Amino acid sequence: MANTETALKEATTIIDGAIGAALVDYTSGMALGTVGGGKDLDLNVAAAGNTDVVRAKVRTMEMLGLNEEIEDILITLGSQYHLIRLLRSRGSNGLFLYLALDKSRANLAMARHQLRKIEASLEI
Amino acid sequence: MTAEAEVLGELRRLRARVPQLTGALAASADGLVLARDAADAEGAEHVAALTATALGVAQRLTDATGQGGFRELLVQGEHGYVATYAAGGSAVLTLLAEPRINVGRLHLEARRSSARIGALVDEALERRPDPRPQRRPEPRTPATAPAKSGPLPVRPPAAAPAVPPLPTHHPKEA
């Protein structure tokens, strides 16, 4: 079992091409923890902005009458992937993991797989 | 355009960017309304006065605990948030928000807006003609302003230039 800080560190070290990671509470839009990022990627801005992305998608699903849960959301940029993984274990409702990847160095399938494993080991 | 109109414009833009806001007002640090969007006039005055009181306590709290000057104050009630941000040296921005607001975004947007409002208010105060000629304007920091008796503290002449001198040119190092 890993705490927030170690889980995020793990995400940015073992996942190839990781630029930054954050654990975000999308009921408030605030980050519970951030690792990496820096001047070019303010993870607190990313946390607030992607909270709106997640909320919009949750609302859209409700409006469409889809009784499903979001597993992850992928955003593809010219040079980056942004991966949002909603946490579903008990006690971590309303949280998502956010991972920014360098497209040229990342393996998307592997990144998703590793992120799933990190989620399973995360204890909040 | 007057400063009030510009501040009001900024409040309106802020509310457009953050739709979960239910009210916005800019007030002086001593509790007078400078501009407001939504909330009736009486309500705004009341909120501005209460903000000044809360601000006083918050300032003492940051001082007493060595956290420096006041920056912001966030209160969550059962039915929403009240957030106050310092805007320059003599004004504050107070916002009311729904309970489901994205607080991260609220902070990001409000910090930007309060900086703009602070600049507008500070600039307007500087432009205002000084009724006492031959005297430099009082420092505008509210609670910390020194008592008026006695000569104003004198800044050491040219000891601390605002901009450090440029480094002398060195030939490019390898």
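The values are calculated or read from the model by the stated rules, or taken from the named source; none is laboratory data. As the structure is a computational prediction, the values presented were derived from the model and not from experiment. Cβ sites come from the backbone with ideal geometry, for glycine too, and all protein chains shown count toward neighbours. Note: accessible area is taken over every heavy atom of the protein model, side chains too, but ligands, DNA and RNA are not part of it. Shrake-Rupley method; radii C 1.70, N 1.55, O 1.52, S 1.80 Å.
A few comments on the model shown:
- Rounded to the nearest 20 debye, the dipole magnitude of chain A is 140 debye, with +1 charges on Lys and Arg beta carbons, -1 on Asp and Glu beta carbons, and the Cα centre as origin.
- Neighbouring partner chain Cβ atoms per residue of B:98-111, average, 10 Å criterion: 5
- Probe 1.4 Å - accessible area at B:Arg12, Å² to nearest ten: 130 Å²
- Over chain A, relative contact order from alpha-carbon pairs under 8 Å, at least 6 apart, %: 33 percent
- Surface per residue (accessible, 1.4 Å probe) for the range A:4-93, Å²: 54 Å²
- Residue order by solvent-accessible surface for A:Thr4, B:Thr65 is B:Thr65, A:Thr4, largest first, with ligands and nucleic acids left out and a 1.4 Å probe.
- With a Förster radius of 45 Å applied to the beta-carbon distance between B:Arg127 and A:Leu64, the computed FRET efficiency rounds to 0.25.
- Near B:Gln76: Cβ cut-off under 14 Å, other residues only, Lys/Arg at +1 and Asp/Glu at -1. The net charge is -3.
- On Cα atoms only, tilt of A:108-121 relative to the major axis of chain A in degrees: 70 degrees
- Packing rank of A:34-41, B:22-29, A:67-74, B:89-96, where each peptide gets the mean count of other beta carbons within 10 Å, highest leading: B:89-96, B:22-29, A:34-41, A:67-74
- In the A-B interface, the accessible area buried, summed over both sides, Å² (probe 1.4 Å): 700 Å²
- Estimated purely from DSSP H runs of n ≥ 4, each contributing -39500 (n - 2.57), the mean residue ellipticity at 222 nm for chain A is -12500 deg cm²/dmol once divided by its residues.
- Burial here means at least 30 square angstrom less accessible surface with every protein chain in place than with the chain by itself, probed at 1.4 Å; in the range A:32-55 the buried residues are A:Val45, A:Ala48, A:Asp52, A:Arg55.
- Ranking A:Thr27, B:Thr84 from most to least accessible surface, computed with a 1.4 Å probe over the protein chains only, gives A:Thr27, B:Thr84.
- Judged by the ratio a/c of the largest to the smallest principal axis of the C-alpha gyration tensor, chain A counts as rounded, that ratio being less than 1.5.
- Given R0 = 41 Å, the distance between the Cβ atoms of B:Arg111 and A:Arg90 translates into a calculated FRET efficiency of 0.70.
- Of all accessible heavy-atom area on the range B:3-127, the percent that carbon and sulfur account for (1.4 Å): 54 percent
- With a Förster radius of 35 Å applied to the beta-carbon distance between B:His79 and A:Asn107, the computed FRET efficiency rounds to 0.15.
- Charged neighbours of A:Arg85, selected by a Cβ distance under 10 Å, balance to 0 (K, R count +1; D, E count -1).
- Cross-link reach list, aspartates and glutamates versus A:Lys103, counting only Cα pairs under 12 Å and skipping chain neighbours closer than eight places: A:Asp16
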